[in-house]
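As structure tokens, the structure follows; a few thoughts come after it.
The values are calculated or read from the model by the stated rules, or taken from the named source; none is laboratory data. Quick caveat: nothing in here was measured; it's all calculated off a predicted structure. No Cβ is skipped: glycine too gets one built from the backbone with ideal geometry, and neighbour counts run over all protein chains shown.
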Amino acid sequence: MLILKLISLSIILLGIAFIGFATQILFKNLILNKKGKFPQISVGKNKNMRKLGLRCAKCEEIKFCKTKKLKNK
């Protein structure tokens, strides 16, 4: 019975240590990043993706619908 308690206590302590380590890494990345913000992953707001010619699917659809309507008139 004592061994079971010892094993369960060690698993709980390891879990708490793991969670603490993970949050510490997350906060370090947040602080070390530019202005404490995560990088933009959406295509519409990322300058580097716009330079490559990648566009937001929603914006592409709107542009396509507008040109289609103009051609039909």
*Inside the stretch 60-73, can you point out the residues that are of a type in the set (A, V, I, L, M, F, W, C) and either in contact with a Pro (Cβ under 6 Å, 6 or more places away or on another chain) or at pLDDT below 80 (or both)?*
70
*asked:* Considering only residues that are in a helix (DSSP H, G or I) and surrounded by 10 or more Cβ atoms within 10 Å (Cβ to Cβ), which ones fall in the stretch 46-56?
replied: 49, 50
